[in-house]
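Enquirer: Below is a structure I'd like to ask you about.
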Amino acid sequence: MSLTAFLYILALIMAGVLLFGAVYFVIMLTDLECDYINPIDLANNLNTYVMPEMAAQLFLFVTFLLVGEWMSMLLNLPLVGWNVVKVINARQFYDATEVFRTLPKHKRENFVKVAFYLVCFFYYLYSMIITLVNESTTPDHQHVSF
Amino acid sequence: MVPGYPAQPVSQAPGYPPQQAQMDAVSQQFSNMGVGSNAQEYQIALLSGKPVMAALDEQPPVIKLPPNATCVPSPNAICPPQHKRSTLNAVPKTDKLLKKTKLPFGLVITPFKTQDPGEEPIPIVSEIVRCRRCRTYINPFVQFVEGGRRWKCNMCSLSNDVPLQFDYDSATQTQKNRWIRPDLNYSVVEFIAPLEYMVRPPMPPVYVFIIDVSYASVQLGAPGVIGKTILSALDRIPNVDNRAKVAFIAVDASLHFFQVRPNSTEPQQLVISDLEEIFLPSPTDLLLNLHECREGIECLLSRMESMFKSNHSVGNALSPAIQAAQKMLGTLGGKIVVLQASLPTIGEGKIEPRPEGKDLGTPRESELLRPQNNWYKSLAADCSRIQIAFDTVFIGQQPMDVATVSCLAHYTGGSVFHYPSFMATRKPEVERFTHEFSNHLAAHVGLEAVLRIRASKGLRMASYYGNFFLRSLDLLALPNVTPNHSYAVDVEIDETITSPMVYFQTALLHTSSTGERRIRVSTLALPTTENIHTVFHHADQIAIASLMSKKAVDRAVEAKLEDARDALQYKTLEIIGAFKTECTQSSSGATTQLQIPRALQLLPFLTLASLKHTSLRSGNNIPPALRVASINNILTLPAEQGVQPYTVARMYSLHDLPPQAGYADENTGIIELPPRLGLSADILSPYGVFLLHNGCDSFLWIGRDASPALCKSLLDVQDVRMIPNGVIAFPDFSNGADSPAQGFELNFQVNGIMRRLNQLCHNLWKPVTYICKEDGDPMLRMTMTQWLSEDMDTSAPSYQQFLNQLRDKINRGNF
């Protein structure tokens, strides 16, 4: 199995995890709206996952860049840019005192993320299959099995 | 039947539950009629000339409730505007209609108002009756149905059982008259909360003082004055059952704790200079019972000055001190009073000095109004959960980053005080500090409070303004509720309202300083209407101005000052434009006159005054500390005081006072005020003496040719040239007596007027008096003329110019 195929398997798993993460964020924000959780707990809870999420996404972006998977890299580029802007302006964390004011914005952002990771998930799945199929049909591969 | 009630315009005999059918019929008729169709209220004012200042003192438009709106005909069922004030006293039935009027819809609420002189105390009710579904408290607007066996909730229309104790007293086994219950007669009542409303026993009042004793503070002489002030206020700190506790932490580059053993008179100072990990030097005797350790505390406070007189330490370890105080309060909760004179330089909450000068007056200025880091903000949020509140007091002119540190108070329901010109050698400034700070300590604060606002179906609370922590969409957490702080809320109309009335109910659950758990409930009922004229003619301009200025300062911090000013002007323009197109004959096309409903005649003037106020004023000469403090005042002041005198000052001429002005009225005991003047320099005549009062400061303007007799009677000075310029402690030659000293009648009257003016601001401030002579210090004259809101200055046009601008923009359809 080639490095690319291995990368896509990894990406697939990570996209799955990130998707779950984004869904979790949406659930937490909805809970806040319904008063099941208070803003301080919400902020403490979500803020622990903000940086890991960004790191994971950045990691995928960088590896795609290194391996030369241009399409996947471009797919990830907008979110990386968005995250970088947020970090530069120090706006990445949830602020317990302001969260109600920005709640609609946060929810929208996380819905978009859910959609994005879902698209990513299927794109990685497709890419993985293509890569594996290509590998198994290339003469080079046959040579190895010989 | 309630004895002593004046005759009510209600057809129904009191003592009987109203009949629902009759009620509906009447309200139907009522809504067809349109609220307030009488001609007087359709008066339209032309905007030209001078603003009608007398309108500032008028009552808000009458709330015209349909007859039988209440279950008992009680004159106290209408919520007093001092408790809760709506911007619209006739609510549009649809959001579309509201949008058409462009008027802002919201409430300005003062849930913890103190009792004014001459006002009845708030009635207390011991049993709580609430709607099963929407948890609304029973109020004068519920209807009794099924022969009085059930009551119908006015918010959600659910029928609830009437509890037995309404008609029968099981203790004395006698019949009771339910119609005299205070909760059915008064719109504002206080319920005594039973155990279900407590998570723990009611907490005692607890105060931790964090006092800056670094070099900057010692130079101003602050520690000594603070010590003396707290010492003089010890007897006034609410301490009914001797449970109140206090603690003191002095802060420079290290932390100084003070330990007093019970019944010992000798306080011990424990100094901690290792601030890496915060720990308390002693597990006990730091948080002192005010009663048991009284002697030790007195000894400590009186030595405050001598103890730190020669302190040359320059650091300020505020954040370790706060962490230590937090540890000290632990699960108890309480209030931390932070008295600062320098920038916090040590610990996690260290603040970098921000260069201010070059950003003032530029779009980057708002940056300086925002906190520099999130440490104080998140600490405040954490503290709000464990019922710790903060008050922040800033003393002196050293850079202190008021914007960052005042977050502590902003998110915990506390107060912000700012004394830029404080110095222990300046007597009026010391007096001001002592008076205001000891009054603040003596205030009967509410502890561990939450505030919830409920409204009828179809209405939604959108956003809140004030000092609090928003715990969920409709719950404000207030670890401390400061008396007379106000909170504003934007209301949105989500669905079409079908009922003839809507209701707003505010419930403030708090622990009183006497250790009782109580709920203060106020219910406001407003009629609804489909008629756009009615909406306009029942708008409350003071509430509108107050809400708009609160929103504007909020915006100034969140976005830019410039945006806030533009938004404020644009809103005014929109309202006048909407009135023109919807309600006047000349709906399109140019007009030479601006027309506006009489109820809103002051709106352009109030907008202009807001634009010229320290909180929003343009220009590069307002230090951020001053701006932050005044923004905080705008956010916390009730509508009445926030608009007048804090935004629109009061001015009186003293050389021609009516004879009774300044004397107490024989019947009411209230001191009479002279007629107020317009705020324009035109009236400042050279032979006159004028008083301008904006709540925090008062200016005595003395004309060049003021007569010697006037000077003598006012200040005991032979000639106008001998009157000093600048800050003075205004003398009282009668020494507090009821009648003036011979020859000093004017002095007595002016003292009376000033006392009354302070009383109108709930004695929150003790203004410093500036003597501002016509030919005196130009800087001081400029400070005073800033308050002459009708005149043109560098920041904004004059009133007449402002009106012309509005008219031109409206004529061009340019809004």
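Enquirer: So which residues in the range B:571-622 are farther than 23 Å from B:D791 by Cα and in a loop (DSSP other than H, G, I, E, B)?
Expert: B:T584, B:Q585, B:S586, B:S587, B:S588, B:G589, B:A590, B:T591
Enquirer: In the list B:T331, B:T345, B:T392, which residue meets the criterion of being modelled with pLDDT of 90 or more and over 28 Å from the mean Cα position of the chain (by Cα)? Steps first, please.
Expert: Numbers: B:T331 fails: modelled with pLDDT of 90 or more; B:T392 fails: over 28 Å from the mean Cα position of the chain (by Cα).
Of the residues listed, the single one that is modelled with pLDDT of 90 or more and over 28 Å from the mean Cα position of the chain (by Cα) is B:T345.
Enquirer: Let me ask something else about it. Counting only residues that are part of a strand (DSSP E or B) and not aliphatic (A, V, I, L, M), which one in the range B:441-460 is nearest to the other protein chains (Cβ to nearest Cβ)? Steps first, please.
Expert: If we filter the range B:441-460 for residues that are part of a strand (DSSP E or B), which is where we start, we get B:446-455, B:459-460.
Those still in the list that are not aliphatic (A, V, I, L, M) too: B:446, B:448, B:452, B:454, B:460.
Numbers: B:G446: 21, B:E448: 15, B:R452: 11, B:R454: 14, B:R460: 13 Å.
Among those residues, the one meeting the criterion is B:R452.
Enquirer: When you check B:S366 against the structure, is it within 14 Å of chain A (Cβ to nearest Cβ) and either at negative phi or outside any loop (DSSP other than H, G, I, E, B) (or both), yes or no?
Expert: So B:S366 fails the test.
Enquirer: Please go through (1) of a type in the set (S, T, N, Q); (2) touching a residue at least 24 places away in the same chain (Cβ under 8 Å); (3) under 24 Å from B:D665 (Cβ atoms) for B:T785 and return the number of the only condition it doesn't satisfy.
Expert: Exception for B:T785: condition (3).
Enquirer: Of A:F64, A:F6, A:F59, which residue is over 30 Å from B:N467 (Cα atoms), under 13 Å from the mean Cα position of the chain (by Cα) and more than 14 Å from chain B (Cβ to nearest Cβ)? Walk me through it before giving the result.
Expert: Details: A:F64 fails: under 13 Å from the mean Cα position of the chain (by Cα); A:F6 fails: under 13 Å from the mean Cα position of the chain (by Cα).
A:F59 is the lone residue from the list that is over 30 Å from B:N467 (Cα atoms), under 13 Å from the mean Cα position of the chain (by Cα) and more than 14 Å from chain B (Cβ to nearest Cβ).
Enquirer: How many of the residues making up the range B:107-125 are surrounded by fewer than 12 Cβ atoms within 10 Å (Cβ to Cβ) and at pLDDT 90 or above?
Expert: 1
Enquirer: Still on this model: If you go through the range B:798-813 one residue at a time, do you hit one that is in contact (Cβ under 8 Å) with a residue 24 or more places away in the chain and of a type in the set (S, T, Y)?
Expert: Within the range B:798-813 (the criterion being in contact (Cβ under 8 Å) with a residue 24 or more places away in the chain and of a type in the set (S, T, Y)), the answer is yes, since at least one residue qualifies.
Enquirer: Out of the range B:379-420, which residues are of a type in the set (S, T, N, Q) and outside any helix (DSSP H, G or I)?
Expert: Result: B:Q387, B:T392, B:Q397, B:Q398, B:S406, B:T412, B:S415.
Enquirer: Sticking with this one: Taking into account only those residues within the range B:296-321 that are among the polar types (S, T, N, Q) and in a helix (DSSP H, G or I), which is surrounded by the fewest Cβ atoms within 10 Å (Cβ to Cβ)?
Expert: My answer is B:S306.
Enquirer: Something else about it: When the range B:348-363 is examined, which residues are found to be surrounded by fewer than 20 Cβ atoms within 10 Å (Cβ to Cβ) and part of a loop (DSSP other than H, G, I, E, B)?
Expert: Correct list: B:E348, B:K350, B:E352, B:P353, B:R354, B:P355, B:E356, B:L360, B:G361, B:T362, B:P363.
Enquirer: Residue by residue through the range A:1-44, note down the ones that are free of Cβ contacts under 8 Å to residues at least 12 places away in the same chain and within 18 Å of B:L476 (Cα to Cα).
Expert: Those that are free of Cβ contacts under 8 Å to residues at least 12 places away in the same chain and within 18 Å of B:L476 (Cα to Cα): A:D31, A:C34, A:D35, A:Y36, A:I37, A:N38, A:D41.
Enquirer: Further, regarding this structure: Check off (1) under 18 Å from the mean Cα position of the chain (by Cα); (2) crowded, with 17+ Cβ neighbours inside 10 Å for A:Y49 and give me the number that stays unchecked.
Expert: The one condition A:Y49 does not meet is (2).
Enquirer: Which of the residues belonging to the range B:83-103 are under 20 Å from the mean Cα position of the chain (by Cα) and surrounded by fewer than 24 Cβ atoms within 10 Å (Cβ to Cβ)?
Expert: Within the range B:83-103, just B:H83 meets the criteria.
Enquirer: Exactly one of (1) more than 21 Å from B:I109 (Cβ to Cβ); (2) crowded, with 20+ Cβ neighbours inside 10 Å is unmet by B:K551. Its number?
Expert: Against the list (1) more than 21 Å from B:I109 (Cβ to Cβ); (2) crowded, with 20+ Cβ neighbours inside 10 Å, B:K551 comes up short only on (1).
Enquirer: Go through (1) crowded, with 20+ Cβ neighbours inside 10 Å; (2) within 14 Å of another protein chain (Cβ to nearest Cβ); (3) in contact with an Asp or Glu (Cβ under 9 Å, 6 or more places away or on another chain); (4) part of a strand (DSSP E or B) and name the single condition B:R520 misses.
Expert: Of (1) crowded, with 20+ Cβ neighbours inside 10 Å; (2) within 14 Å of another protein chain (Cβ to nearest Cβ); (3) in contact with an Asp or Glu (Cβ under 9 Å, 6 or more places away or on another chain); (4) part of a strand (DSSP E or B), only one is false for B:R520: (2).
Enquirer: Looking at the range A:93-134, which of its residues are among the aromatic types (F, W, Y) and within 14 Å of chain B (Cβ to nearest Cβ)?
Expert: Listed by number, the residues that qualify are A:F93, A:Y94, A:F100.
Enquirer: Return the residues of the range A:20-35 that are farther than 15 Å from B:F469 by Cβ and at the interface with another protein chain (Cβ under 9 Å from one of its Cβ atoms); say none if nothing qualifies.
Expert: Taking the range A:20-35 and keeping what is farther than 15 Å from B:F469 by Cβ, we get A:20-31, A:33-34.
Listed by number, the residues that qualify are A:E33, A:C34.
Enquirer: Need the failing condition index for B:K309 against (1) within 14 Å of chain A (Cβ to nearest Cβ); (2) closer than 27 Å to B:E429 by Cβ; (3) basic (K, R), just the number.
Expert: (1)
Enquirer: Determine which member of the set B:S282, B:S232 is over 38 Å from the mean Cα position of the chain (by Cα) and hydroxyl-bearing (S, T, Y).
Expert: It is B:S282.
Enquirer: Could you list, in sequence order, the residues of the range A:67-84 that are more than 16 Å from the chain's Cα centre (by Cα) and crowded, with 18+ Cβ neighbours inside 10 Å?
Expert: A:E69 - this is the single residue of the range A:67-84 that is more than 16 Å from the chain's Cα centre (by Cα) and crowded, with 18+ Cβ neighbours inside 10 Å.
Enquirer: I'd like to check which strands (runs of 3 or more DSSP E) are fully inside the range B:630-719 and have at least 2 residues that are of a type in the set (D, E, K, R).
Expert: Counting at least 2 such residues, we get no strands (runs of 3 or more DSSP E) at all.
Enquirer: Quick one: in the range B:384-412, which of the residues that are closer than 13 Å to B:L478 by Cβ and at the interface with another protein chain (Cβ under 10 Å from one of its Cβ atoms) is surrounded by the fewest Cβ atoms within 10 Å (Cβ to Cβ)?
Expert: B:R385
Enquirer: Something else about it: Identify, please: which residue in the range B:461-495 is among the hydroxyl-bearing types (S, T, Y) and assigned to a strand (DSSP E or B) and is, among those, nearest to the other protein chains (Cβ to nearest Cβ)?
Expert: Per the stated criteria, the residue is B:S472.
Enquirer: Find the residue count for the range B:205-224, including only residues that are aromatic (F, W, Y) and touching a Pro at 6+ places or on another chain (Cβ under 9 Å).
Expert: 0
Enquirer: Which condition from (1) within 14 Å of chain A (Cβ to nearest Cβ); (2) at pLDDT below 95 is the one that B:M501 breaks?
Expert: Against the list (1) within 14 Å of chain A (Cβ to nearest Cβ); (2) at pLDDT below 95, B:M501 comes up short only on (1).
Enquirer: Scan the range B:65-80 residue by residue and report those that are surrounded by fewer than 19 Cβ atoms within 10 Å (Cβ to Cβ) and out of contact with any Ser or Thr (no Cβ under 9 Å at 6 or more places or on another chain).
Expert: Scanning the range B:65-80 gives a single hit, B:P75.
Enquirer: Okay, next question. Which number in (1) away from chain A (no Cβ under 14 Å); (2) of a type in the set (S, T, N, Q); (3) out of contact with any helix residue (DSSP H, G or I) (no Cβ under 8 Å at 6 or more places or on another chain) marks the one condition that B:S438 misses?
Expert: Among (1) away from chain A (no Cβ under 14 Å); (2) of a type in the set (S, T, N, Q); (3) out of contact with any helix residue (DSSP H, G or I) (no Cβ under 8 Å at 6 or more places or on another chain), B:S438 violates only (3).
The values are calculated or read from the model by the stated rules, or taken from the named source; none is laboratory data. All of these numbers come straight from a predicted model, not from anything done at the bench. So basically every Cβ, Gly included, is an ideal-geometry build from the backbone, and we count neighbours across all protein chains shown.
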